[in-house]
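Written below as C-alpha cells is the structure these notes are about.
The values are calculated or read from the model by the stated rules, or taken from the named source; none is laboratory data. Computed from a predicted structure; not experimentally measured. Cβ placement follows ideal geometry from the backbone for every residue including glycine, while neighbour counts extend to all protein chains displayed. Side chains included, ligands, DNA and RNA excluded: accessible areas come from the protein's heavy atoms. Shrake-Rupley method; radii C 1.70, N 1.55, O 1.52, S 1.80 Å.
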Amino acid sequence: MYAFLWKLIDRYALHRLHQERSLVSQFSLPSLIPEESSRADFYGQLSEKIEMTLDVSAPNRNGYRIGTYRCRCAVTTNDYPCNDVSVGEVHLAPGTGAPHVVIVHGWRMDGLDRIKALFLKKLVEQEWNIHLVTLPYHFLRKPSESRYSGEYMVSSHISRTIQSTRQAVCDLRTHIQWIKKEYSGSPVYVVGVSLGGFITNLAATVEPRIDALASVFYANRLSYAVWRTVPGKFIRAELERNGVTYEKLQQYWKITEPSAAMPGMSMDNILLLSAKYDQYVHLTDADYLWEAWGRPRRSVYRCGHAGLVLNKERIAKDVMEFLTVRAQTCTVIGRIHN
C-alpha cells in the first residue's frame, strides 16, 4: 500500500508534466559520436580567463549579499545566444573562509523555488556561500521558441543532448574553478538534484576540485531514462518512429554516463540519495551507478520522486549533516597543515 501511494503521487505529477510536451519534432541523428576514450578532453574545454560578472545587493539583515552572476560559456552552441551564457543566483555569506555550495537543479524545473525550499534555510543557518546554477536551455537560457524549460536539453535531437550535457559539465567546472581562484581555495561542495545529480555525478568523474558531492534522486544513464521511464516516453516514441533502437541510443549517449568512469575524489566525500519508489528515476538505474562506483555512502528513502517536496526536511537534514562533517574534516586538516 505504501509503495502504491508513492507511485500514484509520482504518476499524477507525471500526468501534469506531460501536459506540456514538444509540438515540433526535435529528432536529429548525430553526424559524429564522441569516443568514450576522449572523455577527459570532451569535458575539459574550459576558459583560461574566466570573466564572471556579479550583480549583488548590499548585505541584508543576515549579512548576505544576494544577486546574480553571468559568465560566457566555454562550450557554445551558437544556434541560441541566450543559452551560451551561464547564469544563476548567488548568496554570498558574511565573513571569509566559509564553504561554497554549488547547487544544480533538475530537468524541466521552471524556477529555483523548489531548490531553495530544499536547502536555502539550512545553508543560511550555517552561514555558507550558496551558488544556484542554471542548466542549459532552462529559465533565462530557454530559447523563445522552446515550449517549456529544458525542452532542448534532453530530447530526440541526439547530438544536441550530448552537447548540452557537455556544456552543463563545463559550465559547472568553470564555476568551481572561479570559486577556487576568487576565494583562495575555499572548499566547494556540489549538490545535484535529479538531472542536476546526473550532471554533478558526471562532473565528478573529470573535476578533481570538488571537495564533496551530494547527489539527490539522481539520474544516471540518459538512454535508460528516455527508454525505460515515464518522463522519457514521448522522446522514446519519436526516436522509435525514426528507427533508433535502445541499443543504438546507448551507443550514442555512452559519453554522457557517469557510471562509465570513476570519480576523481575520495569515496568518503560522496553521498548518494535515492527513492525506492521513484517513477522519474528508477532505483535500478541509481543502483547501476552505486555499484559501478564501488558502493559509496548512500541512503534509500521509502518514497517516490515527490519526496523532494514531501520529504524535503529529511533530505536537507541528511545532506547538511554529511556536508558539515566534511567541513569539519577540512578545518582539522587545514589546522594540521598550518
Exercise. Please state which one of Ala204, Ala212, Ala237, Ala261 is modelled with pLDDT of 95 or more and in contact with a Pro (Cβ under 7 Å, 6 or more places away or on another chain).
Key: Ala204
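Could you list, in sequence order, the residues of region 244-264 that are part of a loop (DSSP other than H, G, I, E, B) and either touching a His at 6+ places or on another chain (Cβ under 8 Å) or farther than 13 Å from Ala292 by Cβ (or both)? Quick ask: steps written out before the conclusion?
If we filter region 244-264 for residues that are part of a loop (DSSP other than H, G, I, E, B), which is where we start, we get 244-245, 253, 257, 261-264.
Of everything in region 244-264, those that are part of a loop (DSSP other than H, G, I, E, B) and either touching a His at 6+ places or on another chain (Cβ under 8 Å) or farther than 13 Å from Ala292 by Cβ (or both) turn out to be Val244, Thr245, Trp253, Gly264.
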Quiz item: Do you know which of the residues in region 40-58 that are closer than 30 Å to Ala260 by Cβ and among the polar types (S, T, N, Q) is farthest from the chain's Cα centre (by Cα)?
Solution: Ser47
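Tell me, yes or no, whether region 91-105 has at least one residue that is of a type in the set (Gly, Ala, Ser), in a strand (DSSP E or B), modelled with pLDDT of 95 or more and crowded, with 16+ Cβ neighbours inside 10 Å.
Filtering region 91-105 for residues of a type in the set (Gly, Ala, Ser) gives 93, 95, 97-98.
Those still in the list that are in a strand (DSSP E or B) too: none.
Looking through region 91-105, none of the residues is of a type in the set (Gly, Ala, Ser), in a strand (DSSP E or B), modelled with pLDDT of 95 or more and crowded, with 16+ Cβ neighbours inside 10 Å.
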Practice problem: Scan region 266-298 for residues that are closer than 19 Å to Met320 by Cβ and either at pLDDT below 95 or among the hydrophobic types (A, V, I, L, M, F, W, C) (or both) and report the count. | Solution: 5
Self-check item: Filter result (within 16 Å of Trp6 (Cα to Cα), under 18 Å from the mean Cα position of the chain (by Cα) and in a helix (DSSP H, G or I)) within region 289-320
Solution: Gly307, Leu308, Val309, Lys312
Self-check item: Output for region 214-267, where each listed residue is hydrophobic (A, V, I, L, M, F, W, C), open to solvent by 30 Å² or more (accessible area, probe 1.4 Å) and more than 20 Å from the chain's Cα centre (by Cα)
Solution: Phe234, Ala237
Quiz item: What about Val87, is it open to solvent by less than 30 Å² (accessible area, probe 1.4 Å) and touching a Cys at 6+ places or on another chain (Cβ under 9 Å)?
Solution: yes
Quiz item: Given the structure, is Thr76 open to solvent by 80 Å² or more (accessible area, probe 1.4 Å), at pLDDT below 95, among the β-branched types (Val, Ile, Thr) and not in a strand (DSSP E or B)?
Solution: no
Quiz item: So Ala204 clears everything in (1) touching a Gly at 6+ places or on another chain (Cβ under 9 Å); (2) free of Cβ contacts under 8 Å to residues at least 60 places away in the same chain except one condition, right? Which one?
Solution: (2)
Exercise. Kindly establish whether Leu172 is of a type outside the set (Lys, Arg), crowded, with 22+ Cβ neighbours inside 10 Å and within 26 Å of Arg241 (Cβ to Cβ).
Key: no
Quiz item: How about region 115-153: which of its residues are of a type in the set (A, V, I, L, M, F, W, C), open to solvent by less than 10 Å² (accessible area, probe 1.4 Å) and not in a helix (DSSP H, G or I)?
Solution: Ile130, Leu132, Leu135, Met153
Exercise. Residue by residue through region 252-284, note down the ones that are more than 24 Å from Arg166 (Cα to Cα) and of a type in the set (D, E, K, R).
Key: Asp268, Lys276, Asp278
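So which residues in region 280-304 are closer than 24 Å to Ser223 by Cβ and either among the β-branched types (Val, Ile, Thr) or open to solvent by less than 20 Å² (accessible area, probe 1.4 Å) (or both), if there are any at all?
Here is the first cut: in region 280-304, the residues closer than 24 Å to Ser223 by Cβ are 280-296, 298, 300, 304.
Correct list: Val281, Thr284, Asp285, Ala286, Leu289, Trp293, Pro296, Val300, Gly304.
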Practice problem: Looking only at region 201-243, count how many residues are part of a helix (DSSP H, G or I) and out of contact with any helix residue (DSSP H, G or I) (no Cβ under 7 Å at 6 or more places or on another chain). | Solution: 8
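Open to solvent by 60 Å² or more (accessible area, probe 1.4 Å) and touching a Cys at 6+ places or on another chain (Cβ under 8 Å): which single residue out of Lys312, Lys276 fits that description?
Working: Lys312 fails: touching a Cys at 6+ places or on another chain (Cβ under 8 Å).
Result: Lys276 is the single residue among Lys312, Lys276 that is open to solvent by 60 Å² or more (accessible area, probe 1.4 Å) and touching a Cys at 6+ places or on another chain (Cβ under 8 Å).
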